[in-house]
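Engineer: If you scroll down you'll find the structure; I have some questions about it.
The values are calculated or read from the model by the stated rules, or taken from the named source; none is laboratory data. Values in this document were obtained by computation on a predicted structure and should not be read as measured data. Quick reminder, even Gly has a Cβ in these numbers, built from the backbone with ideal geometry, and neighbours come from all protein chains shown.
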Amino acid sequence: MTEYASIRGTRVKYLTSDPTLNTSTEGQVWYNSTEGTLKSLVQIKAFSSSGNVNTARDERAGGAGTQTAGLSFGGFVPPLTGSTASEEYNGFSWTTTPSLSVGSWNIGGCGTQTAGLAFGGFSPPGDKDRTEEYDGTSWTAGGNLNTAGRSGASFGTQTAAVNAGRPGSAIVEEYNGTSWSEVNNIPIATYMQSSAGAQTAATVAGGQPATSTQALNYDGTNWTVLTNLNEARNSSTAGGVQDDILVMGGNDNLATTTAWDGTSWTANVDMANGRGPTGSGAGANNPTSSGLMICMGYNGSTTINSTEEYNSNINAITQASWASGGNLTTGRMYLAGFGTQDAGLAVGGATTPFPSTSRGETEEYNGTSWSEQNDLGTARKYLAGCGTQTAGLAFGGSSPYTNITEEYNGSSWTAGGNLGNSKSSLSGFGIQTAGVAVGGYDGTSLTETEEYNGSAWTAGGNLNTDRYQFASAGVLTAGLAWGGQPGRPPQTEEYNGTAWTIVPGTLNTGVSGQTGTGTQTAAVSTLGIDGSNTTQTEVYDGTNWTISAPAATARRGAEGAGTQSAGLAFGGYTTVSVNNTEEFTGGTEVATASTLTTS
């Protein structure tokens, strides 16, 4: 074959560098003369591992929701138990929710994480007709199926669902949010399994017998036979919509997947784990099959609890993650922290046992380990700070309440101008010569803001909501504050250097005592307490908070430093003050050109 590099063509762009990579570039081919390579921007299709479910199950547990807001319920637990387990998925980890009232496997499921539907299934002594509805908090009884049954295709929403193709039966039933009614039979009196779509537009495929390659479309009234699957499978899971569906796994321990584009079935990328029978999935009503989740199942020898996510787009996706860093020399809680991931500072704090002891230790982090520096002039806890490792600021705190401010030059602390009011449990952001102290506690939860110019504090605009033990980020003219005690609402406020404004973005959970870092448009909120110590992490993009990778060690009263792409969390309290440090790497989605062969 003639090399393109030697006969530059007229239909392929000849460029000295890659063009801007975005959706408009997808499918284009160009020759990069600097690199000497023929390149293109094509979809990247891949499975990646995610957090394990808490209760391993197989035999078609029910599933609902999306890749970032999934729901899994029921399933089979050896030796012969129908599980009542129910769990929610946030895109990174699973949380146990209130259980189903009736445990079964080969259960039908559809809907969303906050409006899910579970129906039918099997557990000794026989098939079930039970329907249960989930509202994001609990399961309640819905209208029973007219005919008890298990397996079969299940798709739609909580108020417009379909169950079709049970073992040896052509019965099809539709649910309207209250009751089930029989509609036109499926043309194949054997059970279908993989399904995705809406009540009026769905595709179902595979099933029993194990050699089944059947596939059908449903339009809300009639069934249409489609081209056969390219690989027989049963007890599999699917996601997507009628003409963009991905079928995953199945008996016996299949890791393969196959995609339907409305015309034909095509072998797709393999999962990392064989799953057959599969557990459950999410994304059966996604706009496309490009973002799906599958979890649990049977790997040929044992029931597994692993989760995999499927993505198909032009971006190479790297999930956010936490990794262990070097431990603090002195474990402590309710300290101050600032700087960067590779040049952080941990200041003051308290150690247990209770009553806790105020500390003055200062430690510097170099990206690997902490080293002791000169202590604060005044040991204290519940203080705040801001700045850098070589130009820092520490202010306020409890001894009991203080207005002391100290400045750090990378070696030692010297006195700065006092705060206007003594307080503790406040928050701070900015730099040494343009710092902000906001909120806090002096016997009353506070709204006040003070600004530092390098020598003195002056009053700034008040918060709209009084807060203490909360998080903040940013700089004097572009700040952010969120969370806090006592039971503050999960609202977020932005500061422009003059006034605070409540913005629409709210935290997904009611965490308080969290750690914050980053900027007004790219912040991280992590750890804290939500009934108990939590590992919960969320990221802010200037508009919305999104759940991200959980930290490893649940704790409150920790501190942080760095940015949304390279953050740091350290210290805190579990049942004692701790020295744990964790490093955060933010998730990325980057369009990446593929090099094509030129010979």
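Engineer: How about the stretch 257-289: which of its residues are under 19 Å from the mean Cα position of the chain (by Cα) and either of a type in the set (A, V, I, L, M) or in a strand (DSSP E or B) (or both)?
Structural biologist: If the condition is that a residue be under 19 Å from the mean Cα position of the chain (by Cα) and either of a type in the set (A, V, I, L, M) or in a strand (DSSP E or B) (or both), then S280, G281, A282, A284 are the ones that fit.
Engineer: Which of (1) surrounded by fewer than 19 Cβ atoms within 10 Å (Cβ to Cβ); (2) of a type outside the set (F, W, Y); (3) assigned to a loop (DSSP other than H, G, I, E, B); (4) touching a residue at least 24 places away in the same chain (Cβ under 8 Å) is the odd one out, the single condition S181 does not satisfy?
Structural biologist: Single failed check for S181: (3).
Engineer: Would you mind telling me which numbered condition in (1) at pLDDT 95 or above; (2) surrounded by 18 or more Cβ atoms within 10 Å (Cβ to Cβ) G283 fails?
Structural biologist: All conditions are met except number (1).
Engineer: In the stretch 554-566, which residues are assigned to a loop (DSSP other than H, G, I, E, B) and under 16 Å from T352 (Cβ atoms)? Step through it out loud before you land on a result.
Structural biologist: Taking the stretch 554-566 first, the residues assigned to a loop (DSSP other than H, G, I, E, B) are 554-555, 557-558, 563-565.
Listed by number, the residues that qualify are R555, G557, A558.
Engineer: Of all residues in the stretch 426-438 being touching a Lys or Arg at 6+ places or on another chain (Cβ under 9 Å) and of a type in the set (G, A, S), which is surrounded by the fewest Cβ atoms within 10 Å (Cβ to Cβ)?
Structural biologist: S427
Engineer: Restricting attention to the stretch 569-591, which residues are farther than 17 Å from G325 by Cα, under 24 Å from the mean Cα position of the chain (by Cα) and not hydroxyl-bearing (S, T, Y)?
Structural biologist: G587, E589, V590, A591
Engineer: Moving on. Residues being part of a loop (DSSP other than H, G, I, E, B) and either without any contact (Cβ under 8 Å) to a residue 60 or more places away in the chain or polar (S, T, N, Q) (or both): count how many of those fall in the stretch 75-113. Walk me through it before giving the result.
Structural biologist: Narrowing the stretch 75-113 to residues part of a loop (DSSP other than H, G, I, E, B): 75, 78-80, 83-85, 90-93, 97-104, 106-107, 112-113.
In the following step, the residues that additionally are either without any contact (Cβ under 8 Å) to a residue 60 or more places away in the chain or polar (S, T, N, Q) (or both) were identified as 79-80, 83-85, 90, 93, 97-104, 106-107, 112-113.
Count: 19.
Engineer: In the stretch 296-328, which residues are more than 22 Å from E538 (Cβ to Cβ) and in a strand (DSSP E or B)? So that I can check it myself, show each step before the final result.
Structural biologist: Within the stretch 296-328, the subset more than 22 Å from E538 (Cβ to Cβ) is 296-306, 308, 310, 312-314, 316, 326-328.
Of everything in the stretch 296-328, those that are more than 22 Å from E538 (Cβ to Cβ) and in a strand (DSSP E or B) turn out to be M296, G297, Y298, T303, I304, N305, S306, E308, Y310, S312, N313, A316.
So that you can scan it fast, the table gives a plain yes or no per residue for (1) outside the structural domain of T140 (by TED's automatic domain parsing); (2) among the charged types (D, E, K, R); (3) out of contact with any Lys or Arg (no Cβ under 7 Å at 6 or more places or on another chain):
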| site | (1), (2), (3) |
| --- | --- |
| L15 | yes, no, yes |
| S33 | yes, no, yes |
| G63 | no, no, yes |
| L71 | no, no, yes |
| E88 | no, yes, yes |
| G109 | no, no, yes |
| A115 | no, no, yes |
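Engineer: For the subset of the stretch 18-34 comprising residues that are closer than 30 Å to V269 by Cβ and exposed (fewer than 13 other Cβ atoms within 10 Å of the Cβ), which member is modelled with the lowest pLDDT?
Structural biologist: Going residue by residue through the stretch 18-34, those that are closer than 30 Å to V269 by Cβ are 18-32.
Right, trim to exposed (fewer than 13 other Cβ atoms within 10 Å of the Cβ) and you get 20, 22-24, 27.
Values: T20: 87, N22: 82, T23: 76, S24: 79, G27: 79.
The qualifying residue modelled with the lowest pLDDT is T23.
Engineer: When you check A593 against the structure, is it of a type in the set (A, V, I, L, M, F, W, C), out of contact with any Cys (no Cβ under 8 Å at 6 or more places or on another chain) and at pLDDT below 95, yes or no? If you could, list the steps in order and put the result at the bottom.
Structural biologist: Values: of a type in the set (A, V, I, L, M, F, W, C): yes; out of contact with any Cys (no Cβ under 8 Å at 6 or more places or on another chain): yes; at pLDDT below 95: yes.
So A593 passes the test.
Engineer: If I ask for residues that are touching a Leu at 6+ places or on another chain (Cβ under 7 Å) and either of a type in the set (D, E, K, R) or at pLDDT below 95 (or both), which ones from the stretch 111-162 would you list?
Structural biologist: Selection gives P124, D129, E132, E133.
Engineer: Any residue at all in the stretch 114-131 that is within 28 Å of the chain's Cα centre (by Cα), more than 13 Å from W180 (Cβ to Cβ), part of a strand (DSSP E or B) and acidic (D, E)?
Structural biologist: No, every residue in the stretch 114-131 fails to be within 28 Å of the chain's Cα centre (by Cα), more than 13 Å from W180 (Cβ to Cβ), part of a strand (DSSP E or B) and acidic (D, E).
Engineer: Filter the stretch 322-369 down to the residues that are among the β-branched types (V, I, T) and either in contact with a Gly (Cβ under 7 Å, 6 or more places away or on another chain) or over 20 Å from T388 (Cβ atoms) (or both) and list them by number.
Structural biologist: The initial filter retains those residues of the stretch 322-369 that are among the β-branched types (V, I, T), namely 329-330, 340, 347, 351-352, 357, 362, 368.
Within the stretch 322-369, T329, T330, T340, V347, T351, T352, T357, T368 meet the criteria.
Engineer: Any chance the stretch 564-578 includes a residue that's without any contact (Cβ under 8 Å) to a residue 12 or more places away in the chain and either over 26 Å from E493 (Cβ atoms) or assigned by TED's automatic domain parsing to the domain that holds S525 (or both)?
Structural biologist: Initial filter on the stretch 564-578 (without any contact (Cβ under 8 Å) to a residue 12 or more places away in the chain): 575.
If we keep only those that are either over 26 Å from E493 (Cβ atoms) or assigned by TED's automatic domain parsing to the domain that holds S525 (or both) too, we end up with 575.
Checking the stretch 564-578: at least one residue is without any contact (Cβ under 8 Å) to a residue 12 or more places away in the chain and either over 26 Å from E493 (Cβ atoms) or assigned by TED's automatic domain parsing to the domain that holds S525 (or both).
Engineer: Hey, among the residues in the stretch 495-529 that are outside any strand (DSSP E or B) and touching a Gly at 6+ places or on another chain (Cβ under 6 Å), which one's surrounded by the fewest Cβ atoms within 10 Å (Cβ to Cβ)? Quick ask: steps written out before the conclusion?
Structural biologist: To start, the set of residues in the stretch 495-529 that are outside any strand (DSSP E or B) comprises 496-499, 507-511, 513-514, 520-521, 527-528.
Among the residues that remain, those that are also touching a Gly at 6+ places or on another chain (Cβ under 6 Å) are: 498-499, 511, 513-514, 520-521, 528.
Values: T498: 10, A499: 14, V511: 25, G513: 26, Q514: 29, Q520: 21, T521: 15, G528: 31.
Out of the qualifying residues, it is T498.
Engineer: Follow-up question, since we're still on this one. For the stretch 98-111, give me each residue that is surrounded by fewer than 20 Cβ atoms within 10 Å (Cβ to Cβ) and among the β-branched types (V, I, T). Please lay out each step first, then the result.
Structural biologist: Applying the first criterion (surrounded by fewer than 20 Cβ atoms within 10 Å (Cβ to Cβ)) to the stretch 98-111 yields 98-99, 101-102.
Selection gives V102 alone.
Engineer: Given the residues T318, T302, which is the only one that is modelled with pLDDT under 95 and closer than 30 Å to S40 by Cα? If you could, list the steps in order and put the result at the bottom.
Structural biologist: On the way: T302 fails: closer than 30 Å to S40 by Cα.
Criteria check complete, one pass: T318.
Engineer: If we keep just the residues of the stretch 439-478 that are part of a loop (DSSP other than H, G, I, E, B) and among the hydroxyl-bearing types (S, T, Y), which is surrounded by the most Cβ atoms within 10 Å (Cβ to Cβ)? Show your work before the answer.
Structural biologist: Step one: list which residues in the stretch 439-478 are part of a loop (DSSP other than H, G, I, E, B), which gives 439-440, 442-444, 447-448, 453-456, 460-466, 469-470, 476-477.
Right, trim to among the hydroxyl-bearing types (S, T, Y) and you get 444, 447, 455, 465, 477.
Numbers: T444: 10, T447: 16, S455: 10, T465: 18, T477: 13.
Among them, the one singled out is T465.
Engineer: Select, from G220, G274, the only residue that is crowded, with 18+ Cβ neighbours inside 10 Å and not hydrophobic (A, V, I, L, M, F, W, C). Let's see the steps before the verdict.
Structural biologist: Working: G220 fails: crowded, with 18+ Cβ neighbours inside 10 Å.
Answer to the selection: G274.
Engineer: Looking at the stretch 524-537, I want the residues that are in the same structural domain as Q341 (by TED's automatic domain parsing) and have a partner that is part of a loop (DSSP other than H, G, I, E, B) and among the charged types (D, E, K, R) with Cβ atoms under 8 Å, at least 6 apart or on another chain. Which pairs are those?
Structural biologist: Short answer, once both residue conditions are applied: L527/R555; N533/R555; Q536/D530.
Engineer: Being of a type in the set (G, A, S) and either under 18 Å from the mean Cα position of the chain (by Cα) or outside the structural domain of F584 (by TED's automatic domain parsing) (or both) is the filter here; which residues of the stretch 503-520 pass it?
Structural biologist: Restricting attention to the stretch 503-520, the residues satisfying the condition of being of a type in the set (G, A, S) are 505, 510, 512-513, 516, 518.
Result: G505, G510, G516.
Engineer: Let me ask something else. Being in contact with a Lys or Arg (Cβ under 8 Å, 6 or more places away or on another chain) and either aliphatic (A, V, I, L, M) or more than 17 Å from R166 (Cα to Cα) (or both) is the filter here, so list the residues in the stretch 119-144 that pass it. Lay out the reasoning, then the answer.
Structural biologist: Taking the stretch 119-144 and keeping what is in contact with a Lys or Arg (Cβ under 8 Å, 6 or more places away or on another chain), we get 119-122, 127-128, 141, 144.
Across the stretch 119-144, the qualifying residue is only A141.
Engineer: Among the listed residues T34, T55, identify the single one that is hydroxyl-bearing (S, T, Y), over 23 Å from the mean Cα position of the chain (by Cα) and in a loop (DSSP other than H, G, I, E, B).
Structural biologist: On the way: T55 fails: over 23 Å from the mean Cα position of the chain (by Cα).
Unique residue meeting the criteria: T34.
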